[in-house]
Amino acid sequence: MYVMLKIRNGRLEDCVDLLTVYMGTHWEKGLTTVEEVKDLHRGSNFFRWGWLVAEIDNRVVGEIIFRTERNPRTGKLGLIRDIGVDVRYQKQSVGKALTRAAEEILREKEVSRIIADSPPEAYNFWMKINYFSRGELVRIQCNPKDVPSRRSRIVKTCEVNDLQSMPRSMRFSNISHPGLLVDTASSIIDGKKKGSILRFTTDDECIGFGAIISNNGSGSEFIADVTPSGEDYADLIIAKTAKFASKWKSKNVASRIPKDQLSRFMEVTDWSLETDRQIPVTRLM
Ligand SMILES: CC(C)(COP(=O)(O)OP(=O)(O)OC[C@H]1O[C@@H](n2cnc3c(N)ncnc32)[C@H](O)[C@@H]1OP(=O)(O)O)[C@@H](O)C(=O)NCCC(=O)NCCS
């Protein structure tokens, strides 16, 4: 461990150093300017308390981004949404120190467990620091024409595209993979992606949400989730959200879902399936 290693809250000025970190660790994002890095550190799903950086000799060499979410099955979850350490400082315990510091903050927020989605290359890092693999993520896809048009007298659908911030009621996961509903909805709320947010109610009670984005020509991506009282309507809510892709004439509509929820999605239509690259990992608190 570096003697001079300091873990502290992140600040927008740190994005100058973080650009170098991103260029080495997240080259697939194609970031080239400090402003682009700053953009990743603001918006409707970003909390200042959930951003720590690692500093060595007055230089930021790594960061971790995390937040919390309600989950009726497991209680409050901590979500690590990103971690990166400058390639020149990797394998020297910086990533571990960042994760432990984030865990401390999440423990104070009384989360029951912490979840991260690991690329295969980082999987052994998570194993070394006592996370374990939890379930699998499946990518499902179909032609929007194959999603049935569903109607219901009981469930009302309302498009809520004028949101200025993320409603608290949306900060949850139940049948969807943790983090994905908020991430998808925030890209719409923050104007980064073209898309729609759908709110489903019965008797004025909110029973679910859908968020769907159009990736200009290359298809649509959606996430649908239901509250425990909406579980009986999950197939309707999934179908109504996915069908939205027809409005944009998308050739395909896709989602990433937990494998153990596959049967609910298969009730809607015959999706083509592929194992997702990301591996969910977790640590109980
Ligand atoms: C994953 C990452 C953050 C790890 O940071 P790091 O500072 O190198 O990690 P640490 O040095 O704290 O590693 C802790 C342990 O895991 C091991 N480890 C780290 N990365 C590893 C890897 N890719 N493969 C195998 N073991 C690894 C370390 O050797 C160390 O083991 P030890 O305790 O026996 O010495 C860093 O590799 C990175 O930025 N990767 C690119 C971005 C990324 O994939 N992020 C994950 C998003 S979820």
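The values are calculated or read from the model by the stated rules, or taken from the named source; none is laboratory data. None of the values given here were measured: they were computed from a predicted structure. Note that we place each Cβ from the backbone using ideal geometry, even for glycine, and neighbour counts take in every protein chain shown. The accessibility values were calculated without ligands, DNA or RNA, using every heavy atom of the protein model including side chains. Shrake-Rupley method; radii C 1.70, N 1.55, O 1.52, S 1.80 Å.
For region 75-93, the count of residues that are in contact (Cβ under 8 Å) with a residue 12 or more places away in the chain, under 27 Å from A185 (Cα atoms), of a type in the set (V, I, T) and within 16 Å of the ligand (Cβ to nearest atom) is at least one.
With the condition kept exactly as written, say whether any residue in region 44-52 is in contact (Cβ under 8 Å) with a residue 24 or more places away in the chain and closer than 17 Å to R88 by Cβ. No: zero hits. Only one of D57, D86 is open to solvent by 30 Å² or more (accessible area, probe 1.4 Å) and charged (D, E, K, R); which? Going through D57, D86 in turn, just one is open to solvent by 30 Å² or more (accessible area, probe 1.4 Å) and charged (D, E, K, R): D57. Of the strands (runs of 3 or more DSSP E) lying entirely inside region 25-108, the ones with 1 or more residues being under 16 Å from W126 (Cβ atoms) are found at 59-69, 77-85. Inspection of region 11-23 finds no residue satisfying the criterion of being within 16 Å of the ligand (Cβ to nearest atom), open to solvent by less than 70 Å² (accessible area, probe 1.4 Å) and not in a helix (DSSP H, G or I). Just for region 1-10: of the residues that are in contact with a helix residue (DSSP H, G or I) (Cβ under 8 Å, 6 or more places away or on another chain) and in a loop (DSSP other than H, G, I, E, B), which one is surrounded by the fewest Cβ atoms within 10 Å (Cβ to Cβ)? Out of the qualifying residues, it is M1. Residue-level analysis places I105 among those that are assigned by TED's automatic domain parsing to the domain that holds E69 and open to solvent by less than 60 Å² (accessible area, probe 1.4 Å).
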